[in-house]
Every structure is written in C-alpha cells, then in structure tokens.
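First comes the structure, then the notes that go with it.
The values are calculated or read from the model by the stated rules, or taken from the named source; none is laboratory data. As the structure is a computational prediction, the values presented were derived from the model and not from experiment. Using ideal geometry, Cβ is built from the backbone for each residue, glycine included, and neighbour counts are taken over all protein chains shown. Heads up: the accessible areas ignore ligands, DNA and RNA and are worked out on the full protein's heavy atoms, side chains in. Shrake-Rupley method; radii C 1.70, N 1.55, O 1.52, S 1.80 Å.
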Amino acid sequence: MRYYLQDLKWQEVSEYLSRKDLILFPAGSVEQHGQHLPMITDSSWAIDVAESVAAREEVLISPPLPFGWSAHHMAYPGTITLKPETLTQVIMDVCNSLIFHGFKKILILNGHRVANLAPIEIAAAKLRNTTQAYVAVVDLALIVTEEIRQIFESDVGGFGHADEIETSFMLYKHPELVDMTKAGKNISPTISRFSNSFSIPDNALSGNRFFSTPTIEEWRKSTEPYGFKGDASLGTSEKGEKIFKAIVANVIEFIQEINAIEIQSVNKTAPF
Ligand SMILES: [Zn+2]
C-alpha cells in the first residue's frame, strides 16, 4: 500500500474512503537546529513517525507541512517562518479540503514541539466546531513525557532546542545529517524555571511554570554562538530509538481510541 495521499490516483483515494476515514497530517518546521543538526529536524520527527504509524495501521498520510511558527529562530540564517495566523489558516484549508472529500478524522502530528501548538490547536478547535469532524493534535514531545523523563539525563535547562532528545532522535533516524563534533552543552546559568522560555515540558523541571516568548534578539543572546539550548552531547542513537518507538506506540494507542469514535454527519465547505 502507498501511504502518501500525493502518490495516489483519485480513484485510490475514493477506494480508501470507502473503507476508512482517518488521515495523518505531519507538521514541522524549517528552522536552524544549532551547528550539529539540520533545518529539517522537526519535520523529520513528524514525517518519520507518520510513516511508521501508517505502515502499521494502514492509514494515509497527507502531504507534510514543512513550515511552522519559528519566528524566534530568525536569529540564524536558513529559518523560514509562517505567521501563527498563517499556520492556523493553512492547517484549516488543508483539513477542510480533506474533510470535503470525506475524511472525518484527521490526526495532526506536530514535530515542532511547543511552538507550533497554539496555532494548530486553534485550527483544530475551529475545524471541530465548524465541521463536526474529529481533528486532534499530537505533540511528539508531549505524547512521550513519561518516557522522556526515564531517558533524559540533562540538567535543568537541558530540554531546550536541538538538545539531548532531538539529537538522539536524529542520530537514530538520520545520522548522516548530524555532526556530533559540534554537539556541545549550552545550559545558560540564567536558565531557571522562571526564565527558560518554551520550557513547559522540560523533564528536568518540577513545580510551577509559566510561559514567556523570547524576542529574536533574546533568543540569539541566549544561544550564541551555537544556536541550540540544552546538552546535545548527551544524545545517542540508542536513546533516539527508545523515544521514537515510544512515540509510535503511543500514537497507535491513540489511533485505536480514535477508531472507536463514531462521526455521523460532517459539514463540508471547500476553502474559497
Ligand atoms: Zn526541533
């Protein structure tokens, strides 16, 4: 079976829809990931997980959305960012197109961890309320919070960007794109539970948290000269394999719950 929607002919899509109504929608980012990981890191998470899940569950995958909300990473060359409202709108237009054709359940796999979540959650909430289709979001870090806590060895501030976890994942899935000679440690002494922006799922932290977004300049200052935050030197392929397999298993468990949901009538409106 071919799993990518864009590889099928329209009759094959129609045939799939006569049997199933779920599709996976990988969403990532094109953003700098330090000197040791490539721009495609977040999109790779989403695409690789989608491919493993699709092969096991025999479900289709929408064309992946490579771009995310990456404004803070504009401090380094190569990053491409959508505005958050554009991201919300693109997700809605893609999903409304899929719903128009008969997909009733869409599972968005977010590989750009926390940053993409708010715009995608807004899209999912609007889609659910306007179409009655089941649209859900899986953040690929948050769905393995417990497993990462077991594997993670970094100190507080270690859950950052292009960190131990992301480096491990890339070492497992795409080692040819990783340069471990540049994978160091960048845990700022100012990072605490009060200043570690985007730190909500930091597994080294406990207690009360809040959320603050850095400006481009603040991000540059806190990550110079590398572009990453955390302890990338602790990344290993073995950790990456454990995390990846846990994500796939948890997404499949969620899909089995979604399969049991009955969606009756769906409002279909093509984006114009
Ligand atoms: Zn990333």
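Here are some notes:
- Looking only at the stretch 49-81, and only at residues there that are touching a residue at least 60 places away in the same chain (Cβ under 8 Å) and not hydrophobic (A, V, I, L, M, F, W, C), the one that is nearest to the ligand (Cβ to nearest atom): His73
- Residues that are small (Gly, Ala, Ser) and either under 30 Å from Arg220 (Cα atoms) or at pLDDT below 95 (or both), drawn from the stretch 12-50: Ala27, Gly28, Ser29, Gly34, Ser43, Ser44, Ala46
- Here the helices (runs of 4 or more DSSP H) wholly within the stretch 66-175 that include at least 1 residues being under 30 Å from Val13 (Cα atoms) are 84-101, 113-131, 164-173.
- Tabulated pairs, the stretch 88-107, first without any contact (Cβ under 8 Å) to a residue 24 or more places away in the chain, second of a type in the set (Gly, Ala, Ser), C-beta under 6 angstrom, 6+ apart or interchain: none
- Meets criteria (more than 15 Å from the ligand (Cβ to nearest atom) and either open to solvent by 10 Å² or more (accessible area, probe 1.4 Å) or within 15 Å of the chain's Cα centre (by Cα) (or both)) for Asp21: yes
- Only one of the numbered conditions (1) closer than 20 Å to Val144 by Cβ; (2) among the basic types (Lys, Arg); (3) open to solvent by 90 Å² or more (accessible area, probe 1.4 Å) is violated by Lys229, and that is (3).
- Meets criteria (assigned to a helix (DSSP H, G or I) and within 29 Å of Glu218 (Cβ to Cβ)) for Gln6: no
- Of the candidates Ala46, Ala27, the single residue that is within 16 Å of the ligand (Cβ to nearest atom), touching a helix residue (DSSP H, G or I) at 6+ places or on another chain (Cβ under 8 Å), open to solvent by less than 50 Å² (accessible area, probe 1.4 Å) and not acidic (Asp, Glu) is Ala27.
- Residue in the stretch 232-257 that is most open to solvent (accessible area, probe 1.4 Å), counting only those that are touching a strand residue (DSSP E or B) at 6+ places or on another chain (Cβ under 9 Å) and over 19 Å from Val156 (Cβ atoms): Phe254
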